[in-house]
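Student: Take a look at this one; I'll ask things after.
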Protein chains: 4
Amino acid sequence: MVKVGIVGATGYAGEQLVWILSNHRYSKIEFLSTHNYAGIGFHEIYRNYSGFIEDKCIDLDQAHDSLENIDVLFIALPHGKAFKLTEKALSLGVKVIDLGADFRLNDKAIYESWYELEHTAPSLLADAVYGLSELNREKIKNCNLLANPGCYPTATILGLAPLLHHKLIDVSSIIIDAKSGVSGAGRSASIASLFAECNESIKAYGVAGHRHTPEIEQELSRLAQETAVISFTPHLIPMNRGILSTCYSSLKATISTEELQGMYKDFYKGEHFVKILDILPETRWVRGSNLCHIGMKIDKRTNRVIILSAIDNLVKGAAGQAVQNMNIMFGIEEIEGLKLLAMAP
Amino acid sequence: MVKVGIVGATGYAGEQLVWILSNHRYSKIEFLSTHNYAGIGFHEIYRNYSGFIEDKCIDLDQAHDSLENIDVLFIALPHGKAFKLTEKALSLGVKVIDLGADFRLNDKAIYESWYELEHTAPSLLADAVYGLSELNREKIKNCNLLANPGCYPTATILGLAPLLHHKLIDVSSIIIDAKSGVSGAGRSASIASLFAECNESIKAYGVAGHRHTPEIEQELSRLAQETAVISFTPHLIPMNRGILSTCYSSLKATISTEELQGMYKDFYKGEHFVKILDILPETRWVRGSNLCHIGMKIDKRTNRVIILSAIDNLVKGAAGQAVQNMNIMFGIEEIEGLKLLAMAP
Amino acid sequence: MVKVGIVGATGYAGEQLVWILSNHRYSKIEFLSTHNYAGIGFHEIYRNYSGFIEDKCIDLDQAHDSLENIDVLFIALPHGKAFKLTEKALSLGVKVIDLGADFRLNDKAIYESWYELEHTAPSLLADAVYGLSELNREKIKNCNLLANPGCYPTATILGLAPLLHHKLIDVSSIIIDAKSGVSGAGRSASIASLFAECNESIKAYGVAGHRHTPEIEQELSRLAQETAVISFTPHLIPMNRGILSTCYSSLKATISTEELQGMYKDFYKGEHFVKILDILPETRWVRGSNLCHIGMKIDKRTNRVIILSAIDNLVKGAAGQAVQNMNIMFGIEEIEGLKLLAMAP
Amino acid sequence: MVKVGIVGATGYAGEQLVWILSNHRYSKIEFLSTHNYAGIGFHEIYRNYSGFIEDKCIDLDQAHDSLENIDVLFIALPHGKAFKLTEKALSLGVKVIDLGADFRLNDKAIYESWYELEHTAPSLLADAVYGLSELNREKIKNCNLLANPGCYPTATILGLAPLLHHKLIDVSSIIIDAKSGVSGAGRSASIASLFAECNESIKAYGVAGHRHTPEIEQELSRLAQETAVISFTPHLIPMNRGILSTCYSSLKATISTEELQGMYKDFYKGEHFVKILDILPETRWVRGSNLCHIGMKIDKRTNRVIILSAIDNLVKGAAGQAVQNMNIMFGIEEIEGLKLLAMAP
């Protein structure tokens, strides 16, 4: 039984973690820590747990003091907040799975440039493993510090990996136009996230400057074995959950849509969570699940390939992949706690 | 292992059944029958099943011929379509759980008056058991023909039962104002159910004439041991799932909100799926689950009680309760396959 | 040309006022005052005005100093904030239209009991006119202080007035179950109003305690010429705009639905903004307009009448009716600036 | 007074036409023709018109017979249906504004290839004018047959025109990722457009094959004076209205975002309906209006420019631009009937 602590438990990703772990047979939540709701029952914030999970949340100090009781610490905090906690946990032999961005980028300077703050735990970067489970499984098995990928990077990198692996595209031509539901903006009171401000509208944000850009570039470069500089444009969609990443790039070879689908099916052969579709994905078919649906189309007129990749931003894009990684790190069957399919409608 | 057949598998309630049963450890789906999609893979209609449930649907004739292979038949068809199938199944010793309305009303004449068609299997009515699990558990255990309650009746009757049991209200004063998500209208192509016609609007429908009225009255009358004639007004809400039933009635006694909550908690003591809240329910906290959340308020100024009852119309209001009933009928633990809580947001 | 000042211009009702008045031929906005955005261009908060209305907002002190330049002051502030401003404006001969609750209730004690604060301008209450335009037109013509009705009261009172006028119902039997879009919660940053908290859910709030209750009771009592004590339950619906008020009461006479529709059509004969439908109303058909759609149904089984009344909460329920009242107060054609019908879909 | 006939009046674009023209001071609707609702009052289909526009719809044959009474015919039919009607109207001296695709492509062969049907009125193509009002105003003034642009092309071409005019981009690099509300799918009963199928999801459709592709290419090529072959990917968004077109292309010159904004402001100087923003557009700020909001960003890292262009698909993307074109064709002030700004929220 893996003993788990969660810091940032009342954010949307944190709550999703609680949800998944409460259906996981080989883990046990030891504490739920939160910045704003210490002393309050978890079910008073998320009423779906009424009668089921009614533990009182603890604050961050109490979390620090409770690290000795756990095997793994999930951190679901804003960037810049994980440094000290991670250092302490690791020093106590507690494995860390950070759902934030603090250990995703290998290069301290790139982190500091994009996130505009000092990285105070740079010595940990060398050993942090980027937890895109399907692509990095071997390294994940033995790591102590796992950097759980961002939501947009998860969808995008899974979508582009086979193209890069087979060197089918011009790496400099990659354009990623991504769309996310509003839960991606987090659970903090802001006018921009109000129902009446988001509903019945769509907008782009962070154009040419979103912080997931260097993360995607780092991993695509690794896969391509050359430096990838990409365009990445996220959009906000009036729905609770879901990411669709539409990726464009120029082909270096001639290939049909069907051949490419075959290549993708081979690449992800045996993967439980990645499904290659003969049609185009829709986020509703993965909502609430840890699955990634990938569809594709070759456009002969422009000699471009368009890849469409859909995930649930809170599951495969956050808490679900975090649990998948925990399973890998602790030798548990990888799909434990993650078997559910999307519920329609 | 209970062998299951599903007729009407591609409607929203039918699909929800498939979803739940695919997470049920002691049942096995033998066939999926459908009116419009025979010969087509189930995953081609519901893409969430791609790579998991790819069985071809069969037509109704094939379903008739396959009844001998199953232990229980779930029927999720429009009213008036279950008569023959039920007769045949029962004659073969197959238990029947009808999610439609054909066996819910004890009185043939009332059925024919409200549904405006002839009931051709009236001899079965006497043995049909109304499957509101929490209120009728003993009868359900041994029944062969289970009439699964309608979505509005489930929320409403669970909400009002303790009041009637304790004879706290004037039965003639009951007014039920209910609200449902659009999945309640079913998965058939109609202009009235188009996104652009339902979104950003609310309406009442079936005022003073909705077919769930006699069903609610029948069960409330049974509980009250006197004839209940009610006002029932359903409304359509721009959301996929969820029912909130707001019930008003005049008190015959003086009681505080807290005392009433205590009385409700006693009434539903030990029930896994019914939770009495100290606050008001919201449908999001039960969405996707088999739970019913009930809140209440005494209005001293008017001497009325207001009961608010929330369910997921496709789960506790249809497929979930159907599986709960199957579990009871087959001696399986009642919560098997139904342990999930609502996923937020 | 009526010179207008608006205080609270950046809330949803305030902005709607700006929108309507910018299409009004005989008024001119002199200033836009706001608590949070003083010094900022109105178009920087509401981008729909980019290139059209780019005036800088002023703060409340500046608004006080600008009262001499205007003919009428619209106040769209939270309750309790209008007292001083109103006193000063009236003393300068400026007419006041308060969209808040501070002058709606005739009785200081009732105000203080429901709003839980001291009413510091009680001497103004006697002269304040309750601005339900269709029912109070003559008094509105000559008033200096107009209390613009709340959104729920507007829909509800218009829906019930003919019944009370004709003494058709038992006043003690009135139950009002109302539903509103999220803009009714205002434009302040709160977690409860976030998209991901409101979307895909419905809830009741303020059960047996909402502050619109005494306002509705006051006006229904006036119409009925007897004291009305009502049950009023508002609900929050995942849509931007719209109110549907479903009203139940017991009939004292026998009347058919058709006869009642005829009676309503007579009562509202000649009214531009109130339409009696032969079918049931839907909020989408009045969204963005100053119209009120009323439908009805006699339920013979229970001898109750069900009235359904739909408005746009920000237009007829706030800014639209405020402009309608301004038109009446200044002798302008009543429909000026308010001719638009709902835009579908 | 321009006498107007509308064919296809009960589709979403047709209804929007009726709405706009009912607020237009110099036009008069002579007939409303419809395929499915002949003999039915327009207000019975669109209840927002109850009490205002209650004319009975006529069928297509009656429309043919009524052409002599009008000055201009608006056709809002599916592609392939406008040929005969246009020929007859023109022969009678009636100007035609076709909101469909039948006269947008100059080249009969391209039309037939993309729309997969025979063009039976090719002789009219030479004189048809592509009605992107801001770019083609002079030709529109004197034309008799106006091909009203598609919704995606309107947003996209307005967004890219200045770049092409100034030869700033590599024409072969253009990628257009567009997003539309569900009203773009039209008002026909289809399961794919049901609320419960579209809500809480996003998908791409028509990837590398959407029929707006050749239309966009034709006009971009004209502007660029070289052949443009583009990638165009539309997506379906769970909202009623709105299009956001996100356009990517590689720069041939070095220019800053601010310089480019200045260039765009010059290009659209004096245009009432096109606004160049210093921030990023959101569809809610143009919803219900005839405006196009354009924002932009230079990505120095990739040397690409990203243009974001937002319109209301039913107004500037259909009926609004059609009326704008009518105004130009008949010498009416161009903004007549189109002065409204977006209503928020």
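Please treat every number below as a calculation from the coordinates, not as lab data. Since we're looking at a predicted model, the values are computed, not measured. Every residue, glycine as well, gets a Cβ built from its backbone with ideal geometry; the counts of neighbours run over all protein chains shown.
Student: Would you please give the residues with an amide H less than 5 Å from that of D:Ser190, counting only those at least 5 places away or on a separate chain, with H modeled from the backbone geometry?
Tutor: B:Ser190
Student: If you average the alpha carbon positions of region A:180-227 and of region A:72-103, how far apart do those two centres end up, in angstrom?
Tutor: Here the two parts' Cα centres lie 22 Å apart.
Student: Taking chain A as a Gaussian network, where each spring joins two C-alpha atoms under 10 Å apart, which residue of A:Thr254, A:Thr154, A:Thr233 fluctuates the most?
Tutor: Of A:Thr254, A:Thr154, A:Thr233, the Gaussian network model singles out A:Thr254 as fluctuating most.
Student: Between beta-carbons, use under 12 Å as the cut-off and find the net charge around A:Arg222, counting Lys and Arg +1, Asp and Glu -1. Write down the numbers at each step before the final one.
Tutor: Values: positive: A:Lys139; negative: A:Glu215, A:Glu217, A:Glu219, A:Glu226.
Once all neighbours under 12 Å are counted, the net charge is -3.
Student: Using amide H atoms built 1.01 Å from N in the peptide plane, name the residues 5+ places from C:Gly41, or on other chains, whose amide H lies under 5 Å from its own.
Tutor: C:Cys57
Student: Next up: For the protein assembly as shown, just say rounded, prolate or oblate: build the C-alpha gyration tensor, square-root its eigenvalues into a ≥ b ≥ c, call rounded for a/c under 1.5, and beyond that prolate if a/b exceeds b/c, oblate if not. The partial results should precede the final answer.
Tutor: On the way: a/c = 1.28, a/b = 1.01, b/c = 1.27.
Rounded, because the longest to shortest axis ratio a/c is under 1.5.
Student: Given points 7 Å out from each Cα along the Cα-Cβ axis, report the B:Asp278 to D:Thr120 separation in nanometres with one decimal.
Tutor: 7.4
Student: Through the Karplus equation 6.51 cos²θ - 1.76 cosθ + 1.60, θ set to phi - 60°, convert the phi angles of region A:231-248 into ³J(HN,Hα) values in whole Hz; use x for Gly and Pro.
Tutor: Coupling constants for region A:231-248: 9, 9, 10, x, 10, 9, 10, x, 8, 6, 10, x, 10, 10, 10, 9, 10, 10 Hz.
Student: Give me the one-decimal nm value for the distance between modelled label points at A:Ile191 and B:Glu68, 7 Å along each residue's Cα-to-Cβ direction.
Tutor: According to this spin-label approximation, the distance is 7.2 nm.
Student: Over the Cα atoms of region C:152-313, how large are the radius of gyration and the largest Cα-Cα distance (Dmax), in Å?
Tutor: Just the Cα atoms of region C:152-313 yield Rg and Dmax of 15.8, 50 Å.
Student: For A:Gly186, place a label point 7 Å from Cα along the Cα-to-Cβ direction in every copy; what are the distances to the other copies, in nm, shortest first?
Tutor: Listed shortest first, these distances are 2.5, 4.5, 4.7 nm.
Student: Which value results for Rg/Rh of chain D when Rg is the Cα radius of gyration and Rh the Kirkwood radius based on the inverse mean 1/r? Each step should come with its number before you reach the end.
Tutor: Values: Rg = 19.5 Å, Rh = 20.4 Å.
Here the Rg-to-Rh quotient is 0.96.
Student: Could you tell me which trypsin sites (Lys or Arg not before Pro) in region B:17-63 are loop residues by DSSP with no more than 16 other beta carbons within 10 angstrom of their beta carbon? Each step should come with its number before you reach the end.
Tutor: Values: sites: B:Arg25, B:Lys28, B:Arg47, B:Lys56; in loops: B:Arg25.
Passing sites in region B:17-63 are B:Arg25.
Student: Between A:Tyr26 and D:Ser172, what is the label-point separation in nm under the 7 Å Cα-to-beta-carbon projection?
Tutor: It works out to 5.4 nm between the two label points.
Student: Ok, one more. Taking amide H positions as placed in the peptide plane 1.01 Å from N, state which residues far from B:Ala101 in sequence (5 or more) or on other chains have amide H under 5 Å from it.
Tutor: Close amide H contacts, sequence-distant or interchain: B:His79, B:Gly80.
Student: What list of ³J(HN,Hα) couplings, whole Hz, do you get for region C:31-46 from phi and the Karplus terms 6.51, -1.76, 1.60, once you set θ to phi - 60° and write x for glycine and proline?
Tutor: The phi angles translate into 7, 10, 10, 8, 6, 9, 10, 4, x, 9, x, 4, 6, 7, 9, 10 Hz.
Student: Still on this model: Find, among the GluC sites (Glu not before Pro) in region B:98-179, those assigned to loop by DSSP (not H, G, I, E, B) with at most 15 other beta-carbon atoms within 10 angstrom. Spell out each step's value before the answer.
Tutor: Working: sites: B:Glu112, B:Glu116, B:Glu118, B:Glu134, B:Glu138; in loops: B:Glu116, B:Glu118.
Passing both the DSSP loop test and the Cβ count: B:Glu116, B:Glu118.
Student: Please find, among residues of chain A, the one with the beta carbon closest to the rotation axis relating it to chain D, distance in whole Å.
Tutor: A:Asp177, 2
Student: Taking 4 °C and 1.567 mPa s as the conditions, I'd like the Stokes-Einstein D for region C:2-127 in µm²/s, using the Kirkwood hydrodynamic radius from alpha carbon pairs.
Tutor: On the way: Rh = 15.0 Å.
This corresponds to a translational diffusion coefficient of 86 µm²/s.
Student: Then there's this: Of the listed pairs B:Lys167/B:Lys300; A:Lys56/A:Lys179; D:Lys139/D:Lys297; A:Lys179/D:Lys300, which have alpha-carbon separations greater than 28 Å here? Working shown, then result.
Tutor: Values: B:Lys167/B:Lys300 18 Å; A:Lys56/A:Lys179 35 Å; D:Lys139/D:Lys297 32 Å; A:Lys179/D:Lys300 23 Å.
From B:Lys167/B:Lys300; A:Lys56/A:Lys179; D:Lys139/D:Lys297; A:Lys179/D:Lys300, over 28 Å: A:Lys56/A:Lys179; D:Lys139/D:Lys297.
Student: Further question on the same structure: Just flag the GluC sites (Glu not before Pro) in region D:1-62 sitting in loop per DSSP whose Cβ has no more than 12 other Cβ atoms within 10 Å.
Tutor: Working: sites: D:Glu15, D:Glu30, D:Glu44, D:Glu54; in loops: D:Glu54.
Taking region D:1-62 and a limit of 12 other Cβ atoms within 10 Å, the loop GluC sites (Glu not before Pro) found are D:Glu54.
Student: With the label 7 angstrom out along Cα to Cβ, how close does A:Val229 come to the same site in each of the other copies, in nm, nearest first?
Tutor: 2.7, 7.6, 8.1
Student: Taking the label point as lying 7 angstrom from Cα along the Cα-to-Cβ axis, what are the distances from B:Asn106 to the corresponding position in the remaining copies, in ascending order and in nanometres?
Tutor: 5.3, 7.5, 8.0
Student: Moving on. Given R₀ = 41 Å, FRET efficiency for B:Thr254-C:Glu259 by Cβ-Cβ distance, to 0.05? If you can, show how the numbers build up before the last one.
Tutor: Details: r = 40 Å, r/R0 = 0.96.
Calculated transfer efficiency: 0.55.
Student: Follow-up. Taking K and R as +1 and D and E as -1, what net charge do the other residues with C-beta under 13 Å from the C-beta of A:Gly8 add up to?
Tutor: On the way: positive: A:Lys81, A:Arg187; negative: A:Glu15, A:Asp59, A:Asp98, A:Asp102.
Neighbour charge sum, excluding A:Gly8 itself: -2.
Student: Okay, next question. Under 13 Å from the Cβ of C:Phe31, count the other residues' Cβ atoms, weight Lys and Arg +1, Asp and Glu -1, and hand me the total.
Tutor: Details: positive: C:Lys3, C:Lys28, C:Lys56; negative: C:Glu30, C:Asp55, C:Asp59, C:Asp61, C:Asp65, C:Glu68, C:Asp71.
Summing Lys/Arg as +1 and Asp/Glu as -1 gives -4.
Student: Calculated from DSSP H runs of 4 or more alone, at -39500 (n - 2.57) each and per residue, what is the 222 nm mean residue ellipticity of chain C, nearest 500?
Tutor: Details: 11 runs with 99 residues, N = 345.
Value at 222 nm, helices only: -8000 deg cm²/dmol.
Student: A follow-up question, please. Residues of region B:9-28 with amide nitrogen under 12 Å from the 7 Å Cα-to-Cβ point of A:Lys339?
Tutor: The answer is B:21-27.
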